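To start, the structure itself, in structure tokens.
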Amino acid sequence: MNLLFVADPLESFKTYKDTTYTMMREAARRGHAIAACEPHDLRWQTGRPVAARVRPIHLTGQQDDWFTEEPAREAALKDFDAVLMRKDPPFDAEYLYATHLLQQAERDGARVFNSPQALRDHPEKLAIMEWPQFIGPTLVTRDAQAIRAFHAEHRDVILKPLDGMGGMGIFRVKDDALNLGSIIETLNQNGATSVMVQKFLPEIAAGDKRVLIIGGEPVPYCLARIPQGGEVRGNLAAGGKGVAQPLTDADRATATAIGKVLAPRGLLLIGLDIIGTRVTEINVTSPTCFREILDQTGCDVPGIFVDALERAVGG
């Protein structure tokens, strides 16, 4: 296959842990050709297919100088066998515009994973609303008084922005409501921005589990991201410790139920965040943790993913 990865700058990759790199490495091992571009490289003009200035690359196997590249060239996205959208959040206006360009590329005949429409339809914080049976008490609002009432009911809560990633902007407010007003002002900007508030789940002490779903099927192992020190956040970007472990029966049942519904919508790869038995987020933009699970358990997550990609393209 001839693959195009729409991603962050290649020079920013940390290959010892980067999931997109593990995808590329497995694809290259199988003989697939790889090119990359960034969302700002996408372009459309009347009478022409969606195209991009792409960088054909070859992997070296080294950790630092991990790729060499051929001269960049203009290419229509429809001429690739698959286009993989792997741009990290935030899910801002430019990300949204990129999904529209990618959807136009689909009209041209391109195969895009995850589906651009599915990316728009399933924002990572809000996608959990479809699954009330799997989540804990949650509020989404701009209303400061509603946030205060939710805290008064549940006494210990987590507040987060809807467009954050890696634990950015997450606050815990305990029973004493210390700094609740200031946190509300910071997050909702005087009612201009919606905020998610969730009841604090003490099971976070055992880790915020990243459960991967590929082609509708859960990967047998998850990565429990365990908060360190005085942190409430388990995110690896916030200093959490990643410990791979087999799925529990409950996590497998939850992932199977969600995967069977979401995969047919064009979501080849999904990352559930589960604390205890409660789903807190459904990640669809650029789910990670392939490398950590592979290194700790030997479970070939990149292989499972490329198998699913090959089936999707071949089908």
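Quick note: the coordinates plus some simple rules give every number you see, no bench work behind them. Remember, it's a predicted structure, so these values are computed and weren't measured experimentally. Here the Cβ positions follow ideal geometry from the backbone for every residue, glycine too, while neighbour counts run over all protein chains shown.
Using the Cβ-Cβ distance between Thr193 and Arg48 with R0 set to 41 Å, the FRET efficiency from 1/(1 + (r/R0)^6) comes to roughly 0.65. By how many degrees, 0 to 90 and rounded to 10, does the Cα axis of helix 19-29 deviate from the longest principal axis of the chain? Here the helix axis deviates by roughly 30 degrees.
Sorted on the mean count of surrounding Cβ atoms within 10 Å across their residues, most packed first, peptides 270-277, 91-98, 67-74 read 270-277, 91-98, 67-74.
If the only charges are +1 at each Lys and Arg Cβ and -1 at each Asp and Glu Cβ, what is the size of the charge dipole of the chain around the Cα centre, to the nearest 20 debye? Please report the intermediate quantities before stating the final value.
Details: 35 positive and 41 negative charges, 71 e Å.
The calculation lands at about 340 debye.
Only lysine pairs 8 or more places apart or on separate chains count here, and in the chain those with Cα atoms under 18 Å apart total 15. Extent of segment 2-120 along its three principal axes (Cα atoms, max minus min coordinate, largest first): 41, 27, 22 Å. Each residue of segment 143-158 was assigned a 3J(HN,Hα) from its phi angle through the Karplus curve 6.51 cos²θ - 1.76 cosθ + 1.60 (θ = phi - 60°); the sequence is 7, 4, 5, 5, 5, 4, 5, 5, 5, 4, 6, 9, 6, 9, 9, 10 Hz, with glycine and proline shown as x.
Can you tell me the convex hull volume per residue for segment 137-200, based on C-alpha atoms, in Å³ to the nearest whole number?
Numbers: hull volume 4.4 nm³, N = 64.
Expressed per residue, the convex hull around the Cα atoms of segment 137-200 is 70 Å³.
For the chain, modelled as a GNM whose springs connect Cα atoms under 10 angstrom apart, the maximal fluctuation among Thr297, Thr46, Thr60 occurs at Thr46.
Taking the DSSP beta bridges with both ends in the chain, the antiparallel portion is around 80 percent.
When the chain is treated as a Gaussian network with alpha carbon springs shorter than 10 Å, the biggest mean-square fluctuation among Asp79, Asp175, Asp121 belongs to Asp175. Sorted on the mean count of surrounding Cβ atoms within 10 Å across their residues, most packed first, peptides 300-312, 212-224, 11-23 read 212-224, 300-312, 11-23.
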